[in-house]
1. In the stretch 74-124, if every C-alpha pair distance is counted and binned at 10 Å from zero, what percent goes to each bin?
2. Determine, from the Cβ-Cβ distance of V98 and V58 and an R0 of 35 Å, the FRET efficiency 1/(1 + (r/R0)^6), rounded to the nearest 0.05.
3. Please identify, among P35, P24, P70, the residue showing maximal mean-square fluctuation in a Gaussian network model of the chain using a 10 angstrom Cα cutoff.
4. Test of understanding: ordering R28, R59 by Cβ neighbours within 10 Å, fewest first, what list do you get?
5. Any number yet on Rg/Rh for the stretch 10-70, C-alpha, Kirkwood?
6. Which residues' amide hydrogens lie under 5 Å from the amide hydrogen of T26, considering only partners 5 or more residues apart or on another chain, with H built in the peptide plane?
7. Suppose only helical runs count, i.e. DSSP H with n ≥ 4. What mean residue ellipticity at 222 nm does that imply for the chain under -39500 (n - 2.57) per run, divided by all residues and rounded to the nearest 500 deg cm²/dmol?
8. At a 10 Å Cβ-Cβ cut-off, how would you order I15, I50, fewest neighbours first?
Amino acid sequence: MAIDPPRPTEAESAILSVLWARGPSTVRDVHEALPDRGTGYTTVLKLMQIMAHKGLLVRDESRRSHVYAPAIEQGAMQRRWVDELLDRAFSGSTSALVLRALSSKRASAEELQEIRALLDRLEHEPAEDEG
């Protein structure tokens with residue numbers, strides 16, 4: 001049974017976002033792609049080394065410049081974050097989470113269409129047993 005890596009910090013989440021978007025990358029690639037240009041290269045290097053140690057990243061050491069990749073898929077991490085948010089902020093109420101999200105920021109027409117399609121699919125699928 002695999003052990004889930006720990007919850008990433010905000011800085012670690014930014015690094016994961018870069019790697020999910022770019023794919024396996026060197027520290028230099030990640031450093032250049034980070035939106036916060038005030039973070040130094042050595043800070044990014046140290047963070048990525050710590051993340052590899054914690055199990056958030058995997059490191060390919062076969063080349064001169066090590067290449068890092070996320071150890072967890074973006075969708076799996078997003079599910080963990082949503083589950084945590086659902087439990088912490090909304091007492092497990094999916095409807096409260098969705099209603100708050102939709103009332104906090106206007107969804108585009110395309111997003112609303114995707115939401116309607118998802119609701120239609122969910123309405124016609126058998127309920128999953130929880131547990």
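1. In order of increasing distance, the bins hold 23, 45, 33 percent.
2. Values: r = 34 Å, r/R0 = 0.97.
According to the calculation, E is roughly 0.55.
3. P35
4. Details: R28 12, R59 16.
Ordered from fewest to most neighbouring Cβ atoms within 10 Å, R28, R59 come out as R28, R59.
5. Details: Rg = 10.2 Å, Rh = 11.2 Å.
Here Rg/Rh amounts to 0.91.
6. Close amide H contacts, sequence-distant or interchain: Y68.
7. On the way: 6 runs with 78 residues, N = 131.
Helices in the chain give a 222 nm mean residue ellipticity of -19000 deg cm²/dmol.
8. Values: I15 26, I50 14.
The fewest-first ordering by Cβ neighbours comes to I50, I15.
We did not get these values from a lab; they are worked out from the coordinates using the rules stated. A quick note: this is a predicted structure, and the numbers were derived from the prediction, not measured. Counting neighbours? That spans all protein chains shown, and the Cβs are built from the backbone with ideal geometry, glycine included.
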